[in-house]
Amino acid sequence: MDAGATDGHQIEHSQNGFAALSSAPAQQFIRDHEYDDVNALLLKYREVEGVPVSVIADQITGRKKAREKIPLYYRENRIIYPPTVNLEQSSSEATAHYKSTVAKQAAKDTLTCVDLTGGFGIDSLFFRQYFKVVHLVEPNPNLLDITRYNHQLLGAGNIEYYNATAEKFLADANETFSMIYIDPSRRDNSKRKVFTFTDCSPDVTALSSKIWERTSYLFIKASPLLDIQKALGEVGYVKEIHVVSINNECKELLFLCEKGFIGEPVITTINLAVENNTFIFKLSEESAAVAVFSDPLSYLYEPNASVLKSGAFKLIGKRFGLHKLSTNTHFYTSHEMVEDFPGKAFRIIAQVKPDAKTLTQYFPQKKANVSVRNYPMSVDELKKTTGLLDGGDRFLLGFSGAKKKFLVVAERVR
């Protein structure tokens with residue numbers, strides 16, 4: 001999770017813990033009002049069971065987000081959530097689990113891991129399953145207290161906590177670690193989003209010399225908007241790159257660096273929780289690949305978000321024996337169905353024109369899933385022209401081929 005950022009309401013607590021907020025009555029109120037409008041609660045109450053209603057509202061918002069993002073926390077009623085910005089920037093349970101498996105496979109030993117940007121502590125919670133000790137570093141004392149409280153609630157006993165900046169921790173460290181993990185904040189002082197390593201905080205490029213004094217493995221989480229080629233120019237020793245999506249939305253870029261590594265990194269693209277959605281390659285393979293072009297055949301394929309982010313536009317077609325529709329249209333086609341393609345697959349029913357009367361035979365309920373790629377009309381314009389509404393089982397897909405535009409009716413086959 002990005003460290004250091006805070007907004008919202010500070011949670012007041014005693015030395016004995018978050019007594020009022022974690023009390024049974026306060027927690028019951030939070031669960032009872034989980035689906036309520038928090039703005040209405042803010043107007044109705046001043047405090048609940050001795051806790052300011054603003055803090056209660058933050059807890060309700062946190063539970064809502066955790067239901068899908070961190071189900072482990074959602075299932076535990078006594079979890080305390082931080083301000084919204086910290087929860088939004090936190091790793092999800094699914095991506096944290098994935099990172100922990102990558103770390104386990106990479107590190108030659110699993111004695112000690114340092115999370116230099118501990119934040120809400122989801123990554124550290126999963127790293128602790130494979131490392132004997134995890135050192136969690138977080139400069140915000142309030143956030144650190146929340147994180148430690150939740151970890152203790154969940155029985156995570158092998159995490160040590162440091163209220164310090166990443167820079168201070170590295171300056172004071174006098175031991176070596178099996179792995180150092182860092183997830184720099186991707187907002188500047190004006191809270192604007194930034195993406196490059198040098199613009200993020202802490203700047204991992206500025207810390208690299210100190211980091212390599214203390215470990216042989218550096219694991220970096222970056223924004224999915226970061227340019228991979230540019231990132232390779234900013235950090236050294238990159239051995240693996242992981243492009244991670246959930247439900248076909250790219251969430252994280254991960255850079256695993258091994259001190260002294262001078263080879264070409266392996267890129268793994270993965271869409272979590274979906275079978276046959278992993279694609280592994282090297283950039284040199286993409287450079288050497290030659291695309292074969294064709295008009296739409298019987299089946300149409302759209303790579304998942306991780307493949308598209310990785311830039312394997314020619315190689316994906318070559319690996320699976322597919323034809324590409326055009327240089328800038330990342331749809332692929334074949335006569336026979338390819339079962340293990342890492343993405344969506346459609347069977348083309350018909351090529352059509354954007355004419356409402358013609359399309360009635362294919363969409364009798366006037367409902368369709370409309371999508372376009374390099375097509376003269378936007379989705380909204382196409383729906384307006386055809387009179388189609390969202391819904392149904394069939395798709396109307398508009399895209400550019402090498403020589404002309406196409407509009408096809410299709411059904412999803414995987």
Prolate/oblate/rounded call for the chain, Cα gyration tensor, a/c under 1.5 rounded: oblate
Anchor Lys403: lysines whose Cα lies under 23 Å away (excluding residues fewer than 8 positions away in-chain): Lys314, Lys318, Lys324, Lys353
Spatially proximal lysines relative to Lys239 (Cα-Cα < 21 Å; intrachain offsets below 8 disregarded): Lys99, Lys104, Lys108, Lys210, Lys221, Lys230, Lys251, Lys259, Lys282, Lys309
Counted charge near Pro224, where neighbours are those whose Cβ lies closer than 9 Å (Asp, Glu -1; Lys, Arg +1): 0
Candidates Ile220, Ile159, Ile280, ranked by Gaussian network fluctuation over the chain, Cα under 10 Å, top entry: Ile280
Highest to lowest packing among 86-92, 34-40, scored as the average C-beta count within 10 Å: 86-92, 34-40
Cross-link partners of Lys357 among aspartates and glutamates (Cα-Cα below 17 Å; sequence separation of 8 or more within a chain): Glu381
Mean-position separation - Cα centroids, region 79-127 and region 312-345, in angstrom: 34 Å
Fraction of beta bridges assigned by DSSP in the chain that are antiparallel (%, nearest 5): 60 percent
14 Å beta-carbon shell around Ala356, net charge (K/R +1, D/E -1): +4
Whether region 20-74 is rounded, prolate or oblate, judged on the alpha carbon gyration tensor where a/c under 1.5 counts as rounded: oblate
Overall form of region 93-273 per C-alpha gyration tensor (a/c, 1.5; a/b vs b/c): rounded
HN-Hα J in Hz across region 40-51 - Karplus 6.51, -1.76, 1.60, θ = phi - 60°, x for Gly and Pro: 5, 5, 4, 7, 7, 10, 9, 8, 10, 6, x, 10
Peptide ranges 296-303, 229-236 listed from the most packed, as the mean C-beta count within 10 angstrom indicates: 296-303, 229-236
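Each reported figure results from applying straightforward, stated rules to the coordinates on display, with no laboratory input. Worth saying up front: this structure is predicted, and the values here are computed from it rather than measured. Note that each Cβ is placed from the backbone with ideal geometry, even for glycine, and that neighbours are counted across all protein chains shown.
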